[in-house]
Structure formats: C-alpha cells, structure tokens
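Note sheet for the following structure.
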Amino acid sequence: MRALGGPRVTLRRMNQTVVVAGAVYDRGRLLAARRSAPPELAGGWELPGGKVEPGESPQQALVRELREELGIETEPLTRIAGEWPLGPGLVLHAWTARLLHGEARPLQDHDALRWLAPEEADAVDWLPQDRPAVAEAMRILAAC
Ligand code: CDP
C-alpha cells in the first residue's frame, strides 16, 4: 500500500508550496530581518526563511535558507501552530530554531538585522503575514 504523509503530500498539498520561516533565538532574543527585495516587500521585517524545495523536509529547508541568507547554523526546534497564506500557491509556516554558531549577516534578500528582546517585539515594522508567528515566538521567548 502506498504510504501517505510523505513530503510531497504534506508540503505541496493542493499545489501549495510551503515557505518556512525561522524564529531564531539566541541569548533571549529573536532575530528579525529586513527584506531588501522584491520592491513590494522591501523595508518590511520578517522571520527569515524561504520555500521548501521538493524532497526537503521543512527543517532541512529552514537550515539551508538560514545558512544561505544569513551565514548561520541553526537547529529547528518546533513548529509554531498555524499557517498563513502568502498569495497564490504559497503558504507560510514558522518554526522556532536555536542559533548553533555563526554571526548573522544579511547575505541575500535582507539589508538589516536586529536581535529583539520580548519587550522590543513592536520595534520593527513586521510584514503583516508574519505578525501572528512573531507574537507566538515572542510569547515562547518571554516564557523561557
Ligand atoms: O528564498 P526563496 O525564493 O525560497 O523564498 P523567499 O523569496 O524568501 O520567500 C518566498 C515568499 O515568501 C516571498 O514572497 C516572501 O516575501 C514570503 N515570505 C514571507 O512573507 N514571510 C517570511 N517570513 C518569509 C517569506
């Protein structure tokens, strides 16, 4: 019998591609990244990440994207409940992740980074679609 629940079923159901974003924690702070592209999103702050590629798990995609975009090594921890539509064919998921090593630098897609303590959650202009995940990520951080 064909196994259900493989990556393509989970990650591409209804032809939706999952964008996985990372709530990266280090020393009691959450990493926020300001997008430099595309023009309609430039200047907005997000949880960094990107599309899950075929054959990848969301955790693998997150580790790869954070390495490519920020030059950091991370360990994904848990999925933040919920999913948020990004437009045709794209849906946003978020995972908490721990910084293992490296110093985050904006290598691709971003032009500024900030590490925010829970009381600084509103210090940047988050992209609307990221706000529920950011709120939950900050709740988790404040409870640690
Ligand atoms: O790098 P890749 O092409 O895989 O993905 P991306 O361009 O970083 O993200 C794909 C789409 O998801 C873009 O439209 C991003 O703006 C959006 N996105 C988002 O809304 N919030 C995030 N935290 C990450 C990505």
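Values quoted throughout were computed directly from the atomic coordinates according to the rules given, and no laboratory measurement underlies them. Please read these numbers as outputs of a predicted model, since none were measured by experiment. We place every Cβ from the backbone using ideal geometry, glycine too, and count neighbours over all the protein chains shown.
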For a quick check: sort GLU136, GLU46, GLU68 by the number of other beta carbons within 10 angstrom, fewest at the front.
GLU68, GLU136, GLU46
When the distances between all Cα atoms of the chain are binned every 10 Å from zero, what whole-number percent does each bin get?
12, 44, 34, 8, 1, 0
Give me P(r) over segment 103-144, computed from all C-alpha to C-alpha distances, binned every 5 Å, as integer percentages.
5, 19, 27, 24, 19, 5, 1
How large is the dipole of segment 49-144 about the Cα centre if only Lys and Arg carry +1 and Asp and Glu carry -1, each at its Cβ, rounded to the nearest 20 debye?
220
Extension gain THR78-VAL124, at 0.36 nm per residue separation less the Cα-Cα distance, in nm?
14.1 nm
